[in-house]
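The block underneath contains the structure these notes are about, expressed in structure tokens.
The values are calculated or read from the model by the stated rules, or taken from the named source; none is laboratory data. This is a predicted model, so every value here is computed, not measured. We place every Cβ from the backbone using ideal geometry, glycine too, and count neighbours over all the protein chains shown. The protein model used for the area step is the full one, side chains on, heavy atoms only, and it has no ligands, DNA or RNA in it. Shrake-Rupley method; radii C 1.70, N 1.55, O 1.52, S 1.80 Å.
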Amino acid sequence: GTKFDVRRRSDRVSVAVVEGIVQVTTDAPKALQNTSLAELAGVTRVVAGEGVNVVAAGLVTPPQPINIADVSAWQQRRLVFADNTLAEITEEFSRYNRKPYLRVEGESLRARRFSGVFDADTPEALLTYLATDESLAFEHRDDEILIRSRPDPR
């Protein structure tokens with residue numbers, strides 16, 4: 001009777017509980033110098049409708065409400081982004097599609113945030129959406145699409 005989703009990202013592991021209760025345990029050091037960080041270590045109980053992130057040094061963030069429909073969207077091959085970085089979005093599309101490989105050039109562009117719902121098997125839909133932003137440029141190279149900032153016309 002327990003349903004949950006675990007997703008590994010470059011900077012964290014996210015655990016979202018759809019049904020039931022999950023206990024998240026880490027190997028975070030017990031003797032952390034910062035008391036607020038010490039409270040994050042150890043065992044965390046996560047109930048249906050909540051999620052946590054396991055971040056640096058195995059620290060677990062406090063449980064936060066989640067949108068169960070968004071967490072389960074991948075089962076219908078939908079990708080839901082709510083204020084995600086472009087780096088996170090293109091990384092997620094790469095999990096579902098080998099080609100075209102989407103590469104974002106420049107740290108400031110990688111950090112820009114976007115929201116939307118897309119078919120996981122159609123990276124072209126993401127590119128069509130991004131193309132409405134006139135500050136972006138696209139370059140097609142074999143099986144790769146480079147996304148970068150358009151040069152300032154001044």
(message) What whole-number distance in Å separates the alpha-carbon centres of segment 106-143 and segment 45-78?
(response) 25
(request) Can you check what the Kirkwood hydrodynamic radius comes to for the chain, Cα pairs only, in Å to one decimal? (result) 17.5
(request) Write out the GluC sites (Glu not before Pro) in segment 48-154 meeting two conditions: DSSP loop, and at most 10 other Cβ atoms within 10 Å of their Cβ. (result) Glu134
(request) Using only Cα atoms, find the angle between the long axis of helix 86-96 and the longest principal axis of the chain, and express it within 0 to 90 degrees, rounded to the nearest 10. (result) 90
(request) Take every Cα pair under 8 Å in the chain that's 6+ residues apart, average their separations, divide by the length, and report that relative contact order as a whole percent. (result) 16
(request) Work out the charge dipole of the chain with +1 on the Cβ of Lys and Arg and -1 on the Cβ of Asp and Glu about the Cα centre, then indicate which of His140, Val46, Asn84 is farthest towards its positive end. (result) Val46
(message) Suppose a student asked you for the relative contact order of segment 101-154, using Cα pairs under 8 Å spaced at least 6 residues apart; what percent would you report?
(response) 46
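Can you compute the helix-only [θ] at 222 nm over the chain? Use -39500 (n - 2.57) per DSSP H run of at least 4 residues, normalise by all residues, nearest 500 deg cm²/dmol.
Working: 5 runs with 33 residues, N = 154.
Using -39500 (n - 2.57) per qualifying helix, the result is -5000 deg cm²/dmol.
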(request) On the protein heavy atoms, probe 1.4 angstrom, tell me the percent of accessible surface of the chain carried by carbon and sulfur. (result) 49
(message) Expected output is a single nm value to one decimal: the length gained when fully extending between Ser10 and Ser115, i.e. 0.36 nm times separation in residues minus the C-alpha distance. What is it?
(response) 35.9 nm
(request) With +1 on each Lys and Arg Cβ and -1 on each Asp and Glu Cβ, and nothing else charged, work out how big the dipole of the chain is about its Cα centre, in Debye to the nearest 20. (result) 280
(message) Loop only by DSSP, 12 or fewer other Cβ within 10 Å of the Cβ. Give me the trypsin sites (Lys or Arg not before Pro) in segment 39-133 that pass, ordered by residue number.
(response) Arg77, Arg98
